[in-house]
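What follows is a single structure, written as structure tokens, with notes after it.
Read the figures in this text as sums done on the coordinates, not as results from a lab. Keep in mind the model is a prediction, meaning the values are calculated, not measured. All Cβ positions, glycine included, derive from the backbone under ideal geometry; neighbour counts span all protein chains shown.
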Amino acid sequence: MKITRKDFLRLSGLSFLAAGSMAAARAIAGRDPSAEGSSGTQAAQPVRWGMVVDLRKCQKEKGCDACIRACNSAHNIPQISDPKHQVKWIWTQSYETVFPFIQNGYAEESDAGIQVPLMCNHCASPPCVRVCPTQATWKRDDGIVMMDWHRCIGCRYCMAACPYGSRSFNWEDPRPAIAHINPDFPTRTKGVVEKCNFCEERLAEGLSPSCVEACPEKALVFGNLADANSEPRQLLRKRFAVQREPELGTGPSIYYLV
Amino acid sequence: MRDRIWIIAGLLLFAVAVTAPFWSERIPAKDLTKVPNLVLPANQKQCVAPVSYMRASHMLLLLRWREDVVRRGQRRYVAFNGKVYDKSLTRTCLGCHNKEQFCDRCHTYAGVSGPYCWNCHNQPQTNVAGLGPRSMP
């Protein structure tokens, strides 16, 4: 049978239409259940880990560094005396340098000498993640800004991007500077950046972070900021809290009760 | 035709040089077929995967474990025989295997100086600080 040009065009048009509608139908059918499933689980258990530091309770005993020591031994953090080579996950800084906007000429009298414990803020929109060229650092669904040390190439862009100075670079092999190596946690190697990981290895076992556990005054309160009834959220409702440099828009997950 | 002697001499020299490793006194013939002497774990009969797979593809398994733990937060590994393991180099692999008597012997033999796992990962129950740093390849 001879096929005319008109028939050919009509047939091919119809077959394209059929193929296109099949693909569309499959896409719609395929997308719906998965989208429902993921949003369903998200709605059931949204998690955003965060911490509230109660500065009234912190350092009741002058010079207490229980949280720092607990973190150091849990994560094999080297103790290097050269300040340029230091590695820190939690550290302290004086109140007036951390919260300069609270200074009013008189408040300093009462705040003098307060050392504020600082750590990675696990920001809602972390600048370190945006600049990392290898995706060695990224934000997990539960809000933890995580690092993959296998992948870090040591370019230190993240250190430049972090406005809080939460990241440290291993300028030298850290192992000789670790007094007792905790075999359950890897050390790092020369040439990688490291920072607080919110003890994600402990969270996976259902434990709270080492610093929280070590605090004798329970000044560090860890919990799910997405849960309105969690301990940190209750504290944030009751007390006046500040974040470090909130005007930068990073959305820190660490709050300080002043 | 005048160069025949030189060509034959050159070929002979070449053959001698190429076969030198096989007949030279420094490498006895029995060493050429020697396989690394691995110390197998005493406390376990079965690894997390069949031996043939582990021998050929342990590095792929380790990479997958690494991605699962670090990236996806999945720490439990269900083996082919249904046993559940912790995806951990230090706790699971080195819980049975000894680095010096197992990993290193094969890697040295095969000339795979590569993986710098031990720059960061620890060996259980040993004084890792005493091992000293290993250089990156």
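Using Cα-only point scatterers and the Debye equation, what is log10 of I(q)/I(0) for segment B:35-131 at each q in 0.12 Å⁻¹, rounded to two decimals?
Taken in order of the listed q values, log10 I(q)/I(0) reads -0.40.
Which residue fluctuates the most in chain A, going by a Gaussian network model with Cα springs under 10 Å, if the choices are A:248, A:220, A:14?
Highest fluctuation among the options: A:14.
Pick from A:107, A:241, A:161: which residue has the top mean-square fluctuation in a GNM of chain A where Cα pairs under 10 Å get a spring?
Judging by the Gaussian network model, the answer is A:107.
What percent of all Cα-Cα pairs in segment A:122-258 falls into each 10 Å bin, going from 0 up to the bin containing the maximum distance?
It works out to 10, 36, 37, 15, 1, in whole percents.
Pull up all non-local amide H partners of residue A:93: gap of 5 or more, or a different chain, and H-to-H distance under 5 Å with H placed in the peptide plane.
A:116, A:118
Which links in A:84/A:218; A:84/A:190; A:88/A:238 stretch past 21 Å when you go from one Cα to the other?
Result: A:84/A:218; A:88/A:238 exceed 21 Å.
Could you state, as a whole-number percent, how many of the C-alpha pairs of the protein assembly as shown are farther apart than 39 Å?
The proportion of pairs with Cα distances above 39 Å equals 40 percent.
Using the crude model of +1 on Lys and Arg Cβ and -1 on Asp and Glu Cβ, and no other charge, please compute the dipole size for segment B:35-131 relative to its Cα centre, in debye to 20.
It works out to roughly 360 debye.
Just how large is the dipole of the protein assembly as shown about the Cα centre, in debye to the nearest 20, putting +1 at every Lys and Arg Cβ and -1 at every Asp and Glu Cβ?
For this selection, approximately 1660 debye.
Per-residue Cβ counts within 10 Å, from other chains only, averaged over A:166-178: what number is that?
Going residue by residue through A:166-178 and averaging, the value is 2.
Quote the relative contact order of segment A:165-246 in percent (integer), defining contacts as alpha-carbon pairs under 8 Å separated by 6+ residues.
Normalised by residue count, the contact order of segment A:165-246 is 18 percent.
In whole Hz, with x marking every Gly and Pro, tabulate ³J(HN,Hα) for segment B:63-80 from phi via Karplus 6.51 cos²θ - 1.76 cosθ + 1.60, θ = phi - 60°.
Each residue's phi maps through the Karplus curve to give 5, 5, 4, 4, 5, 4, 6, 6, 8, 10, x, 9, 10, 9, 10, 9, 6, 4 Hz.
Under the definition of partner shielding as Cβ atoms of other protein chains within 10 Å of a residue Cβ, what is the mean value for peptide A:184-197?
Partner Cβ neighbours, averaged per residue: 3.
Within 10 Å of each Cβ of B:117-124, how many other protein chain Cβ atoms are there on average?
What the average comes to for B:117-124 is 6.
What is the packing order of peptides A:67-77, A:108-118, taking the mean over residues of other C-beta atoms within 10 Å and listing the highest first?
A:67-77, A:108-118
Restricting to DSSP H runs of at least four residues, report the calculated mean residue ellipticity at 222 nm for chain A, -39500 (n - 2.57) per run over all residues, nearest 500 deg cm²/dmol.
Result for chain A, helices only: -9500 deg cm²/dmol.
Which order do the peptides A:52-59, B:44-51, A:251-258 take when ranked by the mean count of other beta-carbon atoms within 10 Å per residue, highest first?
A:251-258, A:52-59, B:44-51
Report the residue, chosen from A:63, A:50, A:154, that carries the largest GNM mean-square fluctuation when chain A is represented by alpha-carbon nodes joined by springs under 10 Å.
For chain A, modelled as a Gaussian network with Cα springs under 10 Å, the answer is A:63.
Can you work out the Karplus-derived ³J(HN,Hα) for every residue in segment A:202-207? Use 6.51 cos²θ - 1.76 cosθ + 1.60 with θ = phi - 60°, whole Hz, and x for glycine or proline.
Listing the rounded values in order: 7, 4, 4, 9, x, 9 Hz.
Mind listing the long-range amide H neighbours of residue B:86? Cut-off is under 5 Å, sequence gap 5 or more, other chains count too, H placed in the peptide plane at 1.01 Å from N.
Residues meeting the criterion, in which the H sits 1.01 Å from N, are B:77.
Of B:39, B:22, A:63, which is farthest towards the positive pole of the protein assembly as shown's charge dipole, taken about the Cα centre with +1 and -1 on the beta-carbons of Lys, Arg and Asp, Glu respectively?
B:22
Pull up all non-local amide H partners of residue A:255: gap of 5 or more, or a different chain, and H-to-H distance under 5 Å with H placed in the peptide plane.
A:51, A:52, A:53
Can you work out D for segment A:193-258 in µm² s⁻¹ from Stokes-Einstein, where Rh is the Kirkwood radius over C-alpha pairs, the temperature is 10 °C and the viscosity is 1.306 mPa s?
It diffuses with D of about 119 µm²/s by this estimate.
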